[in-house]
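*Asks:* My questions all concern the structure below.
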Amino acid sequence: MYDVVREDGTVARQVADLALRYFGRFELELLLERAGFGVEALYGSYDLAPYTADSERLIVVAHKRDG
């Protein structure tokens, strides 16, 4: 839910569905490649620890390739 403040100052509550999906490493790498991105780095934590199969997180640094 989120609130929208109208020009007259009244507040309207909005409800929005949000579908989430988890990606595995290789699926995410493939999707990024197909979208024109190159993967620069994979991390397994916000401290930039190396990604391993046991990591709780998958953090990807990617860049848009030219052309």
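*Asks:* Do any residues in segment 42-57 that are without any contact (Cβ under 8 Å) to a residue 60 or more places away in the chain and basic (Lys, Arg) have Cβ atoms under 8 Å from those of residues that are surrounded by 10 or more Cβ atoms within 10 Å (Cβ to Cβ) and outside any loop (DSSP other than H, G, I, E, B), where the two are at least six apart or on different chains, and which pairs are they?
*Replies:* Correct list of pairs: Arg57/Tyr43.
*Asks:* Could you check, for segment 7-25, whether at least one of its residues is in a helix (DSSP H, G or I) and under 15 Å from the mean Cα position of the chain (by Cα)? Talk me through it step by step, then tell me what you get.
*Replies:* Narrowing segment 7-25 to residues in a helix (DSSP H, G or I): 25.
Then drop every residue that is not under 15 Å from the mean Cα position of the chain (by Cα), which leaves 25.
Yes, there is a match, as at least one residue in segment 7-25 is in a helix (DSSP H, G or I) and under 15 Å from the mean Cα position of the chain (by Cα).
*Asks:* Please find, within segment 14-28, the residue that is surrounded by the most Cβ atoms within 10 Å (Cβ to Cβ) out of those that are hydrophobic (A, V, I, L, M, F, W, C) and closer than 12 Å to Val60 by Cα.
*Replies:* Taking segment 14-28 and keeping what is hydrophobic (A, V, I, L, M, F, W, C), we get 15-16, 18-20, 23, 26, 28.
In the following step, the residues that additionally are closer than 12 Å to Val60 by Cα were identified as 23, 26, 28.
Values: Phe23: 13, Phe26: 8, Leu28: 16.
Result: Leu28.
*Asks:* OK, next. State all residues of segment 38-55 that are closer than 14 Å to Arg25 by Cβ and of a type in the set (A, V, I, L, M); if no residue qualifies, say none.
*Replies:* In the first step, residues of segment 38-55 are kept if they are closer than 14 Å to Arg25 by Cβ; the result is 39, 41-44, 50-55.
Within segment 38-55, Val39, Ala41, Leu42, Ala53 qualify.
*Asks:* Restricting the search to segment 58-67, which residues are at pLDDT 95 or above and either over 30 Å from Met1 (Cα atoms) or exposed (fewer than 12 other Cβ atoms within 10 Å of the Cβ) (or both)?
*Replies:* The answer is Val61, Ala62, His63, Lys64.
*Asks:* Same structure again: Of all residues in segment 29-51, which are surrounded by fewer than 16 Cβ atoms within 10 Å (Cβ to Cβ) and assigned to a loop (DSSP other than H, G, I, E, B)?
*Replies:* Matches in segment 29-51: Ala35, Gly36, Ser45, Tyr46, Asp47, Leu48, Ala49.
The values are calculated or read from the model by the stated rules, or taken from the named source; none is laboratory data. These numbers were taken from a predicted model, which means no experiment stands behind them. Glycine also receives a Cβ, built like all others from the backbone with ideal geometry; neighbour counts cover every protein chain displayed.
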